[in-house]
Amino acid sequence: MLENLDMRTLLTVGAMVCLTLAAVMVYYSFTRKTYPGFHSWTLGAVSVGVGAVLIAMRGLLPDITTIVVGNTLVGAMPLFFINGMNIFNKAKWKHKKIDLTILATFTAILTTATYIYPSLYIRISCLSLILIFFFSKFLYILIKDTPPLLL
């Protein structure tokens, strides 16, 4: 059954959902008064939507755009969420330089695993690890800094 699923179609549908959410968030952020951090969350939704579109365009656009830029945008999405959560909680982003260095290292590994030592498994593993790490950090910030009344 799973062999009948086309990854490009799944990515396109996922990208459309993300971009629809991003469009609503962009509209809402410009027309309504929003709470602190909402603009950063909106950038996260735009980032993952555009990244998914680029990944789905593999074979139609150059690999640097579809693999490296697309996956970097998907990997950056939780950083926008972390930034928005810190803004919302009026907290300081303690490890911002480290997180951005990790993202830059991830981009370098993607480039290496695309051009020098081509490996789909390395790219998938790195993206999965980055997302697990950053989303775990986001969850930690959410639980630690958000007032209990809002949880």
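Where a number appears in this text, it was derived from the coordinates with a stated rule and is not lab data. Because the structure is predicted, anything quoted here is derived from the model rather than measured. In this analysis, Cβ positions are derived from the backbone assuming ideal geometry, glycine residues included, and neighbour counts consider all displayed protein chains.
What whole-number distance in Å separates the alpha-carbon centres of segment 21-52 and segment 93-128?
Rounded to whole Å, the Cα centres lie 25 Å apart.
Which entry in (i) 1.01; (ii) 1.07; (iii) 0.93 matches Rg/Rh (Cα atoms, Kirkwood Rh) derived from the coordinates of this structure?
After the calculation, the listed value that fits is (i).
For the chain, with only Lys/Arg (+1) and Asp/Glu (-1) charged at the beta-carbon, what is the dipole magnitude about the Cα centre, in debye rounded to 20?
Roughly 640 debye, rounded to the nearest 20.
Can you sort 99, 6, 145 from fewest to most other Cβ atoms within 10 Å of each residue's own Cβ?
Details: 99 19, 6 9, 145 13.
Ranking 99, 6, 145 by Cβ neighbours within 10 Å, fewest first, gives 6, 145, 99.
Just to check I understand the Karplus step: with θ = phi - 60° and J = 6.51 cos²θ - 1.76 cosθ + 1.60, what whole-Hz values come out for segment 23-29, glycine and proline as x?
Calculated HN-Hα couplings, in order: 4, 5, 5, 5, 4, 5, 5 Hz.
Run the reach check for residue 144 against lysines, Cα to Cα strictly under 16 Å, same-chain hits fewer than 8 apart removed. What comes back?
90, 92, 94
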